[in-house]
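Asker: Pasting a structure here, questions to come.
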């Protein structure tokens, strides 16, 4: 046994023991790296799904392409919506934007202000004034065209008042809080 001990302690034996230790350390490192790679691949599969042989860089590149395609689509939709919105705004210019209702007693009969004048005007202050004159045994309806806030025919004081109230009403009232009512 003495010869074995001398072989281990001489230079060749020490180199062999160091090489064996390095091999064991390398084997342990390889095992640790293999476990780390398994964990990383498992984590990638959670992120990537069952996409096969694809890595994270390819997945990120695919996501970037998808985002660019989505942005192009959203830009296209926004452009089309802007065009449609312009058309809707142009169409709305001719709708009723100002309105007012004025009630009065046309014949001073104390009938409870049954006569009325209604002004219906667009953003350009053009439209129509409708007047409904009630008497005990009859009712008459009159319509007069209004352009730029002025009647094409002479407006009665009540009709002129309906136009004035419609045009002086705040935008919120004209947009939806109801018609103004005046007694005269």
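Asker: Determine, yes or no, whether residue 71 is modelled with pLDDT of 75 or more, under 45 Å from the mean Cα position of the chain (by Cα), farther than 30 Å from residue 146 by Cα and loosely packed, with under 10 Cβ neighbours inside 10 Å.
Answerer: Judged against the criteria, residue 71 is not a match.
Asker: Moving to a separate point now. In this structure, does residue 181 turn out to be surrounded by fewer than 17 Cβ atoms within 10 Å (Cβ to Cβ), assigned to a strand (DSSP E or B) and modelled with pLDDT under 90?
Answerer: Working: surrounded by fewer than 17 Cβ atoms within 10 Å (Cβ to Cβ): yes; assigned to a strand (DSSP E or B): yes; modelled with pLDDT under 90: yes.
Yes: the conditions hold for residue 181.
Asker: So how many residues does segment 44-59 have that are at pLDDT 75 or above and surrounded by 10 or more Cβ atoms within 10 Å (Cβ to Cβ)?
Answerer: Taking segment 44-59 and keeping what is at pLDDT 75 or above, we get 57-59.
Next cut, surrounded by 10 or more Cβ atoms within 10 Å (Cβ to Cβ) only: 58-59.
Count: 2.
Asker: Go through segment 7-43 residue by residue and tally those that are modelled with pLDDT under 80 and within 55 Å of the chain's Cα centre (by Cα).
Answerer: Adding up the residues that qualify gives 3.
Asker: Another question about this same structure. Tell me which residues, restricted to segment 115-142, are farther than 22 Å from residue 168 by Cβ and either surrounded by fewer than 13 Cβ atoms within 10 Å (Cβ to Cβ) or free of Cβ contacts under 8 Å to residues at least 24 places away in the same chain (or both).
Answerer: The answer is 132, 136, 137, 138, 139, 140, 141, 142.
Asker: Anything in segment 103-161 that is out of contact with any strand residue (DSSP E or B) (no Cβ under 9 Å at 6 or more places or on another chain) and part of a strand (DSSP E or B)? List them, or say none.
Answerer: 150, the sole residue that qualifies.
The values are calculated or read from the model by the stated rules, or taken from the named source; none is laboratory data. All values derive from a computational prediction rather than experimental measurement. Cβ sites come from the backbone with ideal geometry, for glycine too, and all protein chains shown count toward neighbours.
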